[in-house]
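**Q** So that we are looking at the same thing, I have put the structure below in C-alpha cells.
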Amino acid sequence: MKFVKKLLRYVLLFFILGIMVFPLLWMFRVSLMESGNSISFDNLLTASFSLQNYIDLFTNSQIGKYLYNSIFVGLIVTVGNIVFCFMTAYTIARYKYIVNKVLFVSVILILMIPIHIIIIPMYLLMVNFGIYDSYFALILPWLVNPIGIFLVKQYIESIPPAMEEAARIDGAGEMRILFRIVMPLCKPVLAVLAIQVFFTNWNSFLFPFILTQSDSVRTLPVALALLQGHQAIDWQHLMAGSAIAVIPVLIVFIVLQKQIVSGITAGGIKQ
Amino acid sequence: MKQKKTTALFLALPWIVTLLLFWLYPIIYSFIVGFTDKQLLSKTFQWVGFDNYKALLSDDSFLLALKNTAIFVVGTIPLTTIIALLLALLVNKQFKGRGLFRAGYFLPSITSMVVIALIFTNLFQRGGYIALLAEMLGFTPPQHGFLLDSSTALFSIMAMDVWMAVGYYMLIFLAGLKSIPQELYEAARIQGAGSIRQFFSITLPLLKPVALFILVINSIKSFQVFVEIFVMTQGKFETSTMVYFIYEAGLTTKFNFGYASAAAYILFLIVAVFSFMQFRLLKNRGTV
Amino acid sequence: MKKIYLIAVLVILQAQLLSAKTTISWWQFWTDPSIKPVIEEMTAEFEKQNPDIEVELTDLTWANGREKIVIAFASGTGPDVVELGSDWIAEFAVNGHLAEYTVDEKAQEEFHGWEMATFQNKVYAKPWFLGTRVLFGNRDLLTKAGYDKNFAPVTFDQFKEAVYKVDSLSKKIYGFGSNAPEKHRLYKKYLPFFWSFGAKIFSDDNRLCLLASDYAVNALNYYKELHDSCGYVANQRGIEDAFLDGKVGFVISGDWLLKRIENEKLNFNLLSTLIPGEKYPGKSFMGGEFLAINKNSKNKKAAQKFVDFITSPENQVKFCKANRSANPSSKTAASDDYFTSNTHLQTFIKQLQLANHPPVDPNWVLFESIIEKAVEDALFGDRQTATALYEARKKIEALR
C-alpha cells in the first residue's frame, strides 16, 4: 500500500516535471542543432548534435561582454535589494507609525504604475543625471524594489515578535536586533527575494535597451533581442543564446534553494 | 521613543530616496501628460483637460482591451494560485530527488518571457506540437493555429502564463510553509486531527500573509500583462490587453503619449481598487 | 623643475589637441551575425580614411528600435546619423528633427529612391538600399499541376488559375501563402494588388482619399478569394516555412527569402517573377532603408561624409552581398556582376522599376494601420470588402 502510494507520487511528480521542462528541453535541443536546420519534429529527433552555435556566439558576437555586464549588474542589484528591501520591510512591519503606513501605500502604488508610461520620463531623468548609458542607470534605480519590500514585509509579519522583545529587554540595540535576530529568521524569504530579483533583473529588457547604447554596458537580454534578425529567426543561435541566459539563473536558484529548505528551524520558538 | 522613530525612518531611507529620486518625477510627469495631447515627436502640445479620459471611455479598442484584461485576470489568478499551492505541498515533503523537482518546476519562471513566448508561438502554430496533441486527444485544433483564431488565442496565452508563473508562486508558498512551526502540527496530531483537518485549521490560516502577497502581486502582474501579447499576437485576434493598448498608443504609430498616459492611469485606478479589496478581504477574517 | 612641469603640461595639451577627434554616433539595425562584421568593417575603414572622425556604433533591435529612436529624438538626445525606414521620414521631418539634405545633380542621377525622402519639396535622408516584393513560386508544384518549366504567371487570370491548380493537387498543398494580420506586413501584401488593379490611395492632387474605389474593392475581392479558397494562413515566417517545405504554391516575399534558401542550403526549384497585372505585369510595393542626419547634430559635416561613405557604390555592393539585399539604391552598384548574374536578383531589380511607394505623409503610419485594419476585417472578420474599405476611407479623411 505504502509502495503504491509512493509510486503514484513519483508518477505524478515526473508527469508535472515533463510538462514544466518540455519547452526548455526543446530550447536546448534546438540550440544543439546546426544552424540552418529545420526545427520540425522529425529533425529534432534525427539531427546531429553540435556545440557550434555556442562557439559562434562567444567568438562572433559580444555575448561574453554582455554576459559579464548582466552578472555584474545582477549581483549588485541583488545584494542591494536583500539589504534595502529587508530594512524597509522591517520598519513597515514592526514600527506602527503613520509614516510607515504611508510608505507601505507608496510601495503598493508604485507597483501599480504600468512601466511603459514611466520609461520616457525615466530616460529624461537619466540623461539629466548624466548617468544615461552607464552601469549606474542599470543599478541605482533598482537597488530596492516594491515587490521585494512587500514580500519581506508579509513574511516578517508572520514571525511572532517574541524574540525581538526578549532581546530588547536584554538591552540589545535596534540594529543588532534587526541584523542578528530578525534577518536570520528571514533566510527563506530573503532567498526567494534574491532569486526573484536576480532573475527579474537578468531578464529585464526594455529599460536596459532604452537606457543604454554602447556595447560596453548592455546586458544579455539586449543581446538576445539583437539576435532576432529582420525577417527570419535563426532559431539555433537564438536558442543557444537563451540557454546561456538560463544557466546562471539556474545556478543561483540551486545555490539558494537550500536556504529555503533549511527554513527557520534555528529560531524554534513560536507564539 | 524618539530614538526608535529615528531608527524607523533611517531604515526606510533607501526606499524614500529611491522614491524621490527616481519614481516621483516620472509619475508626476506622466500623470500631467495625461491631460495634454502630447505626441512624442512633436515639440508642441496643448492642454485638453479630461478629453483623453472621455475619449478612452468611448474607444472600442480600449474597451476591448479592458475586457480581455478582465478575462485574463479572472481566468489565471485562481488557477495559478491553487496549482502553485498544490505544487508547494507536493514538494514540501521529504523525499528523494526533491531538489530536482523543485528546480524543474521553477525553471519556466526564470526563463526570459520573450524566449518562452517565442517557443510557445512555435508550439501553438498550425501543425505544432500542441495542435498534434489536441488531435491525438480527439479535438480539432483551429485551422490556422491557436494564436490565429479569436476563440483560442487569448486562452492559449493564459494557459502559457499559468504554466510559467506557478513555479515562482510555488516557491513563495514553500517559504511560507517553512514559517509555520512544526509544533503546531504535532499538537494537532496529538489531538487526533487528520492531515486534511490540519491543512484547513493550521496551514491555510497561517499562510494568509503569504497568500495575500501572492494574490496582490499576481493580480498586479496579470493586469499588466504585456510581453507575451507583444511577442505572440501583437494584440490581434482579440488578445489586446490594457498595457498592450497603452504601449500601442504611446510607443508606436503616432506616439500619442498623452492618450496613453490617461489610459495608464485608468488602469492604475482599477488595479488600486482591486488590490484594496483583496487587502480588505484577507484582513477582515482576523489576523494570525 | 618648473620647466619640466611646464613641458609636461605642454605635451599633454598637444596630445589632447592632436586627439581632438570628432565623434559621430550612428544608430543602425543590422545586427545579424552574418552582417554585423560588414558594418563594423565599413566604419573601421571610414575611420581609417578620416583619422579625425570617430564613429560610435549602436545596434537597434527590430522589435523596439523605433521606440528608442523616437524617445531619443523627442528628448533632444538623438544620434548624429540614424537609419530610418522610408515610411518614418516624413514624421521625423515634419517635427523638425532631421537636417535637410542637399542633393546635387550627380547624386540625383546616381541614386534611386529620393522621392521617398522628399517631403514638401525638401529632401531629408539619403537612400541606402531599397526593398520590394516579388512573386515566388514553387516550380515542382507547378510542374505537377501541368505547367511547363518556363511558365510564369503574368496576368491576374493566369495567376489565379495557377493558384487554384496547385491548390487542388492535394489536401495538404495550398495555392497561396496568405498573411495573418501581422503589423507592417499584411498591408504590404494587399497594396501590390491594389495598385495593380489601378487603385490609388490619394488622388493626384492629394485632395481626396480614393481608398474605397471600385478598383480597390476589386483588388480586395481578388485577394480575398485567394485567401479564402487557396490560402495557407500564417504569419510571414510561417508562410515562408511552409513554402520552403513544399506545401504552398505561391508566396509574395522579399529578398530575404533568397538569403534563407542559401543559408539553409535548400535545394529548391524556385520561380521568381513580377507581381501579376491586368494584361501586363503589375505594380509592387517599394520601401527602403535611409540614412538621416539629426538636425541637432553638432557634426553635420562629418555625419554627411559618413553617410556618403556608407552609401557609396562599393560599400553598397559589399553590404548587399552580405545581406543578400537585391536592391542597392546606387545605380552603379546595381550594375555590378553580383546582381546582373543572378536571375532572381534581376527579378527584384526589374520589379523595382514597377513599384510604388506609399505616400510620403507624416501621418502615414496611422493611415497604414487603418488600411491594415480594413484588410484584416475583410479577410478575418465579418466585414464586406467594400464596407471595410469605405470605413477606412472615412477614418483617413477624418484625420486629414
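**Q** Under a 5 Å amide H to amide H cut-off, with H placed in plane at 1.01 Å, what residues pair with C:SER284 once short-range neighbours are removed?
**A** Amide H neighbours of C:SER284: C:ALA355, C:ASN356.
**Q** Is there a simple number for the mean count of other chain Cβ atoms within 10 Å of the Cβ of residues in A:238-250, and what is it?
**A** Per residue, the average neighbour count from other chains is 3.
**Q** How high is the FRET efficiency between C:THR155 and C:GLN384 when r is their beta carbon distance and R₀ equals 25 Å, given to the nearest 0.05?
**A** About 0.45, to the nearest 0.05.
**Q** What is the count of Lys pairs in the stretch B:46-284 whose alpha carbons sit under 20 Å apart, if the two are 8 or more places apart or on different chains?
**A** The number of close lysine pairs in the stretch B:46-284 is 10.
**Q** Provide the percentage of antiparallel DSSP beta bridges, counting only those with both residues in chain C; round to the nearest 5.
**A** 60
**Q** Choose one answer from C:ASP361, C:ASP104, C:ASP52: the residue with the largest mean-square fluctuation in a GNM of chain C with alpha-carbon springs under 10 Å.
**A** C:ASP104
**Q** What are the membrane-span-like helices in chain A by this rule: whole DSSP H runs, Cα extent along the axis at least 15 Å, mean Kyte-Doolittle hydropathy at least 1.6?
**A** A:98-112, A:115-129
**Q** In the neighborhood of C:TYR338, defined by Cβ-to-Cβ distances under 11 Å, what is the net charge if each Lys or Arg adds +1 and each Asp or Glu adds -1? Present the calculation step by step, with values, prior to reporting the outcome.
**A** Working: positive: C:LYS318, C:LYS321, C:ARG324; negative: C:ASP336, C:ASP337.
Value of the local net charge: +1.
**Q** Compute the angle between helix C:300-310 and the longest alpha-carbon principal axis of chain C, please, reported from 0 to 90 degrees and rounded to the nearest 10.
**A** 50
**Q** Further question on the same structure: For the stretch C:197-273, run through the trypsin sites (Lys or Arg not before Pro) and keep only the ones in DSSP coil with at most 10 other Cβ atoms within 10 Å of their Cβ. Can you show the working numbers first?
**A** Numbers: sites: C:LYS200, C:ARG207, C:LYS224, C:ARG237, C:LYS247, C:LYS259, C:ARG260, C:LYS265; in loops: C:LYS200, C:ARG207, C:LYS247, C:LYS265.
Answer in residue order: C:ARG207, C:LYS265.
**Q** Here's a follow-up. Give the long-range amide H neighbours of C:TRP128: residues separated by 5 or more places, or on another chain, with amide H under 5 Å away, using H modelled in the peptide plane at 1.01 Å from N.
**A** C:GLU289, C:PHE290, C:LEU291
**Q** Sum up the charges of everything whose Cβ sits under 10 Å from the Cβ of A:ILE92, counting Lys and Arg as +1 and Asp and Glu as -1, but leave A:ILE92 out. Intermediate results must be reported in sequence, preceding the final value.
**A** Details: positive: A:ARG94, A:LYS96, A:LYS101, A:LYS153; negative: A:GLU157.
Result for the neighbourhood of A:ILE92: +3.
**Q** Give the relative contact order (percent, whole number) for chain C; include only Cα pairs under 8 Å separated by 6+ residues. Working shown, then result.
**A** Working: 686 pairs, mean separation 99.3, N = 400.
Result for chain C is 25 percent.
**Q** While we're looking at this one, here's another question. Can you list the chymotrypsin sites (Phe, Trp or Tyr not before Pro) in the stretch A:1-103 that are in a DSSP coil and have 11 or fewer other beta carbons within 10 angstrom?
**A** Working: sites: A:PHE3, A:TYR10, A:PHE14, A:PHE15, A:TRP26, A:PHE28, A:PHE41, A:PHE49, A:TYR54, A:PHE58, A:TYR66, A:TYR68, A:PHE72, A:PHE84, A:PHE86, A:TYR90, A:TYR95, A:TYR97; in loops: A:PHE49, A:TYR95, A:TYR97.
Of the chymotrypsin sites (Phe, Trp or Tyr not before Pro), the ones in loops of the stretch A:1-103 whose Cβ has at most 11 other Cβ atoms within 10 Å are A:PHE49.
**Q** Compare the Cα positions of C:ALA72, C:GLY85, C:VAL360 along the charge dipole of chain C (+1 at Cβ of Lys, Arg; -1 at Cβ of Asp, Glu; about the Cα centre) and return the one farthest towards the positive end.
**A** C:ALA72
**Q** Right, another one. In peptide B:118-126, how many Cβ atoms from other protein chains are near each Cβ within 10 Å, on average?
**A** Per residue, the number of nearby Cβ atoms from other chains is 5 on average.
**Q** Continuing with this model, one more query. Given axes a ≥ b ≥ c from the Cα gyration tensor, I'd like to know whether chain B is rounded (a/c under 1.5), prolate (a/b larger than b/c) or oblate.
**A** oblate
**Q** Against the longest alpha carbon principal axis of chain C, how many degrees, from 0 to 90 and to the nearest 10, is the axis of helix C:2-18 turned?
**A** So the inclination is approximately 20 degrees.
**Q** A further question on this structure: Work out, step by step, the length gained on full extension between C:PHE202 and C:ASP148: first 0.36 nm times the residue separation, then minus their alpha carbon distance; give nm to one decimal.
**A** Gain on extension, C:PHE202 to C:ASP148, equals 15.4 nm.
**Q** For the residue pair A:LYS5 and B:SER151, what label-to-label distance in nm results when each label sits 7 Å from Cα along the Cα-to-beta-carbon direction?
**A** Going from the A:LYS5 label point to the B:SER151 one covers 4.5 nm.
**Q** Over what distance in Å are the Cα centres of the stretch C:30-89 and the stretch C:206-229 separated?
**A** 38
**Q** Springs between alpha-carbon atoms under 10 Å, Gaussian network over chain C: tell me which of C:GLU376, C:GLU40, C:GLU368 tops the mean-square fluctuations.
**A** Among C:GLU376, C:GLU40, C:GLU368, the largest mean-square fluctuation in the Gaussian network model of chain C belongs to C:GLU40.
**Q** Classify the stretch A:59-262: rounded, prolate or oblate, from the alpha-carbon gyration tensor (a ≥ b ≥ c, eigenvalue square roots; a/c under 1.5 rounded; otherwise prolate if a/b is larger than b/c)?
**A** Because a/c hits 1.5 or more and a/b exceeds b/c, the stretch A:59-262 counts as prolate.
**Q** Turning to a different aspect of this structure: What residue among A:LEU206, A:THR91, A:ASN60 has its Cα farthest toward the positive end of the dipole of the stretch A:59-262, where the charges are +1 on Lys, Arg and -1 on Asp, Glu, each on the Cβ?
**A** Looking along the dipole axis, the top candidate is A:THR91.
**Q** Here is a follow-up. Hey, which lysines would be in cross-link range of C:LYS321, C-alpha to C-alpha under 24 Å, not counting anything within fewer than 8 residues on its own chain?
**A** C:LYS36, C:LYS48, C:LYS126, C:LYS259, C:LYS265, C:LYS305, C:LYS331, C:LYS350
**Q** What is the antiparallel percent of DSSP beta bridges lying wholly in the protein assembly as shown, to the nearest 5?
**A** 60
**Q** Taking chain C as a Gaussian network, Cα atoms linked when under 10 Å apart, which of C:GLY137, C:GLY287, C:GLY238 shows the biggest mean-square fluctuation?
**A** C:GLY238
**Q** Give the shape of the stretch C:227-290 as rounded, prolate or oblate, defined through the alpha-carbon gyration tensor: a ≥ b ≥ c are the square roots of its eigenvalues, a/c under 1.5 means rounded, and otherwise the shape is prolate if a/b is larger than b/c and oblate if not. Numbers along the way, then the final one.
**A** Numbers: a/c = 1.57, a/b = 1.17, b/c = 1.33.
Oblate is the answer for the stretch C:227-290, as a/c is 1.5 or above yet b/c matches or exceeds a/b.
**Q** Then there is this: Whole angstrom only: what separates the Cα centroid of the stretch C:139-176 from the Cα centroid of the stretch A:2-17?
**A** Between the Cα centre of the stretch C:139-176 and that of the stretch A:2-17, the gap is 55 Å.
**Q** Identify the residues of the stretch A:84-109 with backbone N under 16 Å of a label point that sits 7 angstrom from the Cα of B:THR6 along the Cα-to-Cβ direction, or state none.
**A** none
**Q** When the distances between all Cα atoms of the protein assembly as shown are binned every 20 Å from zero, what whole-number percent does each bin get?
**A** In order of increasing distance, the bins hold 12, 42, 33, 11, 1 percent.
**Q** Measuring from centroid to centroid over Cα atoms, what is the spacing of the stretch B:13-84 and the stretch A:170-227 in Å?
**A** 25
**Q** Return a single number: how many Lys pairs in the stretch A:59-262, at a sequence separation of 8 or more or on separate chains, have alpha-carbon atoms below 23 angstrom apart.
**A** 5
**Q** On to the next question. Got the relative contact order for the stretch A:10-54 handy, in percent, Cα pairs under 8 Å and 6 or more residues apart?
**A** Result for the stretch A:10-54 is 37 percent.
**Q** How many Cβ atoms of partner chains, on average, are near each residue of B:147-159 if near means within 10 Å of its Cβ?
**A** Values: counts 3, 8, 2, 2, 0, 0, 0, 0, 0, 0, 0, 0, 0.
Mean shielding count: 1.
Read-outs throughout are calculated quantities, based only on the coordinates presented, and are distinct from any laboratory measurement. Bear in mind the structure is a predicted one, so any value in this text is a computation, not a measurement. Note: ideal-geometry Cβ built from the backbone for every residue, glycine included; neighbour counts use all protein chains shown.
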